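Below is one structure; the comments refer to it alone.
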Amino acid sequence: MSERKSVLITGASRGIGAATARLFARQGYGVGIHYHTAQARAQALAELGVPVGLYPCDVSRPGEVREMTAAFLRDFDTLDVLVCNAGIARQELFTDITEADWREMLGVNLDGVFHCCQAALPHMIHRKQGKIITLSSMWGQVGASCETVYSMSKAGVIGFTRALAQELAPEGIAVNCVAPGIIDTRMNACFDRAELEAQVPMGRLGTPREVAEAVLYLAEGPYVTGQVLGVNGGIV
């Protein structure tokens, strides 16, 4: 497998993560599919026509992330691209947020990115090459009412990405971010679709495939680092 490029995608069992796994597989990558509890959905992606590995892990727990990364490297020999997509969202008034809500959101959305990058970077630095793509949100750029902690966590991802890109550029490693807008995923299924579409200048929701295409562009772009690529239909 060492001659084939490989990608490890967190939160790959559905939505943007699953679309990203399918797109990278079509490009011939070996694909590592991380999931937390959605084993059946992850297993449904196992037949992509390329080498595939399934890796259960809670990204908020550094020990589990290290074990996942080690297992991926045993299976694929190299880690060319890391896509930090795992995330959770919750809509609630700031005054209703509990300490547990706060810790859970930051644990997955922000700590998870930190843990995954820390686990992957020794290998990438040793090879003097690699691509890291984080997933933020347009709400990390502009903020959203009733999504204070989510917006903060996603803003943190943007700051982390830009800073890490500066640090790792001399090592031959590019670090970039994709900031999706309102995408047609289960995360947005609870909202009125017509109202969502009315907010978007292009008049429709984005698709997971369109976000995946931005991820692939950043994975294969040789001279792009430290950037935040918005996929939002012009809303930001």
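The values are calculated or read from the model by the stated rules, or taken from the named source; none is laboratory data. This structure is a prediction, so every number in the text was calculated from the model and none was measured. Note that each Cβ is placed from the backbone with ideal geometry, even for glycine, and that neighbours are counted across all protein chains shown. The protein model used for the area step is the full one, side chains on, heavy atoms only, and it has no ligands, DNA or RNA in it. Shrake-Rupley method; radii C 1.70, N 1.55, O 1.52, S 1.80 Å.
Every Cα-Cα pair in segment 84-236 was counted, and those over 18 Å apart are 59% of them. Per residue, the chain exposes 47 Å² of solvent-accessible protein surface, assessed with a 1.4 angstrom probe and all protein chains in place. Taking every C-alpha pair closer than 8 Å and separated by at least 6 residues, the mean separation divided by the residue count of the chain gives a relative contact order of 19 percent. So which chymotrypsin sites (Phe, Trp or Tyr not before Pro) in segment 102-200 are both in a DSSP loop and have at most 14 other Cβ atoms within 10 Å of their Cβ? Listed in order of number, the matching sites are PHE191. Using a ≥ b ≥ c from the Cα gyration tensor of segment 62-128 (square roots of the eigenvalues), is it rounded, prolate or oblate, where a/c under 1.5 gives rounded and otherwise the larger of a/b and b/c decides, a/b for prolate? Because a/c hits 1.5 or more and a/b exceeds b/c, segment 62-128 counts as prolate.
Dipole magnitude for segment 21-97: about 160 debye, using +1 per Lys or Arg Cβ and -1 per Asp or Glu Cβ, origin at the Cα centre. Computed over protein heavy atoms with a 1.4 Å probe, the carbon and sulfur contribution to the accessible area of the chain reaches 51%.
With all protein chains in place and ligands, DNA and RNA left out, the 1.4 Å accessible area ranks ARG103, ARG41, ARG127 as ARG103, ARG41, ARG127, largest first. Modelled spin labels at TRP102 and ARG66, positioned 7 Å past Cα toward Cβ, are 2.8 nm from each other.
Per the Debye calculation on segment 1-133 with a single equal scatterer at every Cα and no solvent contribution, log₁₀ I(q)/I(0) for q = 0.15, 0.16 Å⁻¹ amounts to -0.67, -0.75. Each part reduced to its alpha carbon centroid, segment 163-236 and segment 7-28 end up 14 Å apart.
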